[in-house]
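The values are calculated or read from the model by the stated rules, or taken from the named source; none is laboratory data. Just so it is clear, the structure is predicted and the values come from calculations on it, not from any experiment. Positions of Cβ are generated from backbone atoms using ideal geometry, with glycine treated the same way; all protein chains shown enter the neighbour counts. Only protein heavy atoms, including side chains, enter the accessible area calculation; ligands, DNA and RNA are left aside. Shrake-Rupley method; radii C 1.70, N 1.55, O 1.52, S 1.80 Å.
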Amino acid sequence: MESSSEIVLVEKLIHQTSLPVFLTGKAGTGKTTFLKKLIRSTAKNTIVVAPTGIAALNVGGVTIHSQFQIPIGAYVPAAIAYSKHPFFRFESESTLLGNFRMNAIKRKALTEVELLIIDEVSMLRADTLDAIDFILRSVRKNSAAFGGVQVLFVGDLMQLPPIYQESDWQVLKDYYPSMYFFDAKALRNNPPVYVELKKIHRQNDPIFTDILANLRSNQLTTNDVAVLNQRVIKDFNPSASEGYITLSTHNKTVEEKNNKELALINSKPVSYNAKITGDFPESIYPCEANLTLKIGAQVMFIKNDTQHNLYFNGKIGVVTALYTDEVWITCAANEKIKLAFQEWKNIRYIVEESTGKLNEEVIGTYMQLPLRLAYAITIHKSQGLTFEKAIVDIKKVFASGQAYVALSRLRSLSGLVLSSEISTNGIASEPAVLHFEQETAENGISESQIKQASWEYLAKLLRTAFDFNKHIANWRLLIENHAKDFVALSANDQEKITEFSNALNDLQQVAGNFQKQISPLFTAKELEKIASRLNDAQIYFETHIKKACDYIQAIAFAKAKKQVSVTETLLDLFHQYQQINKFSFLTNGLLSNKSFDSEAWSTQQSTYWYSLTKQAKKPKNNDKEPTQTHTFRLIKEGKSPQEVAEIRNITIGTVNTHLAKLIALGDLSIEQVISKHRLDYVMDAINNSKAEKLNDIKSKVKEDITYDEIKLVLAHFKNLQ
């Protein structure tokens with residue numbers, strides 16, 4: 001991907017400032033490709049989220065509701081509980097705080113995150129963004145917007161809009177001009193820098209690109225409509241070998257067409273079942289868990305081939321052979337592709353001790369053939385895909401942006417077939433979006449503003465890097481909480497504790513003096529002198545942090561029951577040194593005009609962490625208790641599933657997977673983990689609806705019944721049979 005001026009600008013804003021950024025561009029401009037490159041290169045601790053499970057999987061992130069533990073429903077940006085409409089559920093600051101449950105891993109990730117990337121932002125609701133802002137400010141104990149975290153918004157507002165109920169809007173309209181993310185209260189005093197990618201990579205036909213541009217901006221001409229309507233072929237019924245897919249507005253229409261076409265094929269059906277491990281909720285399944293195919297069926301790849309580039313997300317083909325663990329697909333020009341099961345990963349973000357970075361930890365996997373029947377697909381699910389040939393049915397368009405999304409999936413006009421004539425009625429983009437884009441594009445950022453923001457970012461890093469006050473406070477709290485234990489230590493150990501306390505105070509005094517001395521250099525913007533002083537500071541603080549840690553290393557090694565607490569103290573100090581080191585790295589990078597080398601940085605930090613803590617490493621436990629047994633033991637001891645998750649440092653979903661297995665085997669009574677009232681309620685829903693699939697049951701119960709609870713009840717139900 002070429003480095004356009006817009007891409008260079010975004011990289012500069014992300015790498016050198018803490019300003020919020022909105023990266024947009026027409027369909028096919030390469031937003032996702034650039035985003036993945038940026039994630040790999042940034043020095044900032046990064047979390048990537050998206051409004052839906054499929055969108056999150058496509059960009060390698062997690063869903064918004066999963067990461068921030070936001071309940072499904074509307075959020076009113078007010079301090080008190082909302083009660084104007086008692087029949088509808090509305091969250092507020094008080095209900096979010098009152099019901100907020102987040103395990104230590106996610107809380108730590110939110111504490112350490114520096115850059116939050118939100119993809120497919122056209123679907124992000126303003127109230128959801130305000131809920132994210134409130135949670136970040138609460139968890140990080142920082143009153144700045146988003147708790148001081150930089151936010152990169154990515155997406156095309158002319159595509160699929162936010163989804164909300166009319167009953168929600170009747171309340172939320174008192175707080176928001178629209179439901180689009182840019183009208184969130186969190187952005188009113190801190191609007192994002194608007195950057196639009198201009199070069200379109202999907203289409204080369206200038207006539208088609210002009211039509212799409214006009215459709216996108218509500219300027220479709222009479223001639224544009226005439227050109228499009230030349231593509232109308234009513235009752236068009238191509239053969240599978242021609243490779244057409246129908247884009248429609250409604251799930252029911254799509255499902256009926258796919259099932260009908262598959263049934264017409266006179267060959268034996270073969271089913272492929274997904275292989276699921278760990279925590280992988282049904283709500284984020286990337287494709288059907290039970291996929292039924294026939295030789296001769298038209299299918300679409302739903303994953304990119306990153307190894308050999310044989311297929312991409314949206315490529316169409318026909319099934320020509322079916323085997324136990326693989327299928328053969330023939331595409332255009334008689335291209336034959338052998339396809340095996342592929343893996344999707346459900347991740348969570350954790351803070352890696354050895355690097356201090358936010359890393360992705362795989363908590364569940366989903367193995368399945370990356371295929372779906374491709375006689376039809378909804379416009380909603382086609383977002384981000386590219387098709388050579390498509391039949392577009394937009395006569396029932398019900399949301400702004402749908403027509404644009406559908407037509408912009410095509411590479412050219414020659415591959416387009418319209419099922420009926422179109423007019424400009426009902427396909428216009430939202431005026432609020434057009435006004436926002438026009439206004440923000442006109443108020444672009446200047447080079448001098450970027451330089452000023454860079455200095456402000458460095459000043460912010462300076463304050464963070466050279467502040468040991470929190471370590472002093474945490475150490476004092478540790479001493480107070482374990483006063484009796486520390487009194488019982490030998491005189492030699494107590495002396496080391498005193499020396500460590502004094503060393504912390506000395507570090508803070510030197511850090512405070514350093515900030516005072518270097519501040520005038522910031523005012524004068526003397527980068528070379530700042531870099532020189534920082535190099536000296538690095539050497540000093542590395543030496544004295546190691547010296548301070550030496551005082552308590554021996555105590556941690558000798559007193560096993562204190563090791564966790566003391567190791568956390570070492571880790572906190574290590575992360576503080578990292579802030580100093582990163583500050584120096586970034587400053588030297590600005591001075592030499594070099595990009596941040598993330599890989600070299602991680603290697604250096606891992607080496608330093610090992611040298612700092614190698615004496616205090618815990619001995620390995622070769623008699624490790626089986627994970628499921630460990631969970632069962634803690635439950636029998638009276639711990640709740642949430643407590644088990646925190647004690648074991650695993651997700652609540654993993655805990656519930658263990659519990660479901662134990663319940664299904666009859667080793668655990670379901671009454672130990674779910675109330676009788678909720679058990680009876682879900683059991684009645686299963687019995688009355690005859691449903692056995694998670695999504696089917698979820699649609700029959702109240703919103704506050706979770707997928708995990710349904711899994712537990714299903715396990716109990718199967719145990720009774």
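For the chain, the relative contact order comes to 13 percent (Cα pairs under 8 Å, sequence separation of at least 6).
Let me make sure I get this right: for the stretch 436-479, a, b and c are the square roots of the gyration tensor eigenvalues over alpha carbons, sorted descending. Under 1.5 in a/c it's rounded, otherwise prolate if a/b > b/c, else oblate. Which is it? Spell out each step's value before the answer.
On the way: a/c = 11.02, a/b = 2.88, b/c = 3.83.
Taking the square roots of the gyration eigenvalues as a ≥ b ≥ c, the stretch 436-479 is oblate.
The angle separating the long axis of helix 676-689 from the principal Cα axis of greatest extent in the chain is about 20 degrees.
For the stretch 94-171, the Kirkwood radius over C-alpha pairs fed into Stokes-Einstein at 25 °C and 0.890 mPa s yields D = 175 µm² per second. Structure note, pairs Lys199/Lys381; Lys690/Lys711; Lys37/Lys198; Lys257/Lys338; Lys275/Lys303; Lys106/Lys702: Cα-Cα distances above 20 angstrom occur for Lys199/Lys381; Lys257/Lys338; Lys106/Lys702.
For the stretch 244-333, the gyration tensor built on C-alpha atoms gives a rounded shape. Its axis ratio a/c (a ≥ b ≥ c) stays under 1.5.
For the stretch 1-59, what's the relative contact order in percent, using C-alpha pairs closer than 8 Å and at least 6 residues apart?
Numbers: 22 pairs, mean separation 17.2, N = 59.
So the answer I get is 29 percent.
Once you sort the root eigenvalues of the Cα gyration tensor of the stretch 408-550 as a ≥ b ≥ c, which label holds: rounded (a/c under 1.5), prolate (a/b larger than b/c) or oblate (the other case)? Since a/c reaches 1.5 and a/b is larger than b/c, the shape of the stretch 408-550 is classed as prolate.
Phe632 sits with roughly 40 Å² accessible to a 1.4 Å probe, with DNA, RNA and ligands left out of the calculation. Our helix-only sum for the chain, with -39,500 (n - 2.57) per DSSP H run of n ≥ 4 divided by its residues, gives a mean residue ellipticity at 222 nm of -15000 deg cm²/dmol.
Give me the percent of the accessible area of the stretch 241-384 that comes from carbon and sulfur atoms, probe 1.4 Å, all protein chains in place. Each step should come with its number before you reach the end.
Details: 3260 of 6830 Å².
In the stretch 241-384, the share of accessible area belonging to carbon and sulfur is 48 percent.
Excluding ligands, DNA and RNA, the accessible surface per residue across the chain is 48 Å² with a 1.4 Å probe. Ranked by the mean number of other Cβ atoms within 10 Å of their residues, highest first, the peptides 529-541, 51-63 come out as 51-63, 529-541.
Sorting check: for 237-243, 123-129, 408-414, which peptide has the highest mean count of neighbouring beta carbons within 10 Å, and how do the rest follow?
On the way: 237-243: 13.4, 123-129: 25.6, 408-414: 19.7.
So the peptides 237-243, 123-129, 408-414, ranked by packing, come out 123-129, 408-414, 237-243.
With respect to the chain, whose longest principal axis is taken over its alpha-carbon atoms, helix 707-720 is tilted by about 80°.
Here the stretch 14-144 is assigned +1 on the Cβ of each Lys and Arg and -1 on the Cβ of each Asp and Glu. Its dipole about the Cα centre then comes out at about 300 debye.
Remark on Lys357: its backbone amide H falls under 5 Å from those of Glu352, a criterion applied only to residues 5 or more positions apart or on other chains, H modelled at 1.01 Å from N. Recomputing Cα extents along the principal axes in Å from the coordinates shown identifies the correct label among (1) 127, 54, 44; (2) 91, 69, 57; (3) 81, 74, 62 as (2). Taking the DSSP beta bridges with both ends in the chain, the antiparallel portion is around 55 percent. For the chain, the Cβ-based charge dipole about the Cα centre amounts to some 900 debye (Lys, Arg positive; Asp, Glu negative; other atoms uncharged).
In terms of Cα atoms, the Rg and Dmax of the stretch 130-279 work out to 23.1, 65 Å. Relative to the longest principal axis of the Cα atoms of the chain, the long axis of helix 126-140 lies at roughly 20 degrees. Amide H contacts of Gly314: Phe301, Ile302, Lys303, each under 5 Å away and 5 or more positions distant or on a separate chain (H built 1.01 Å from N in the peptide plane; Pro and chain starts excluded).
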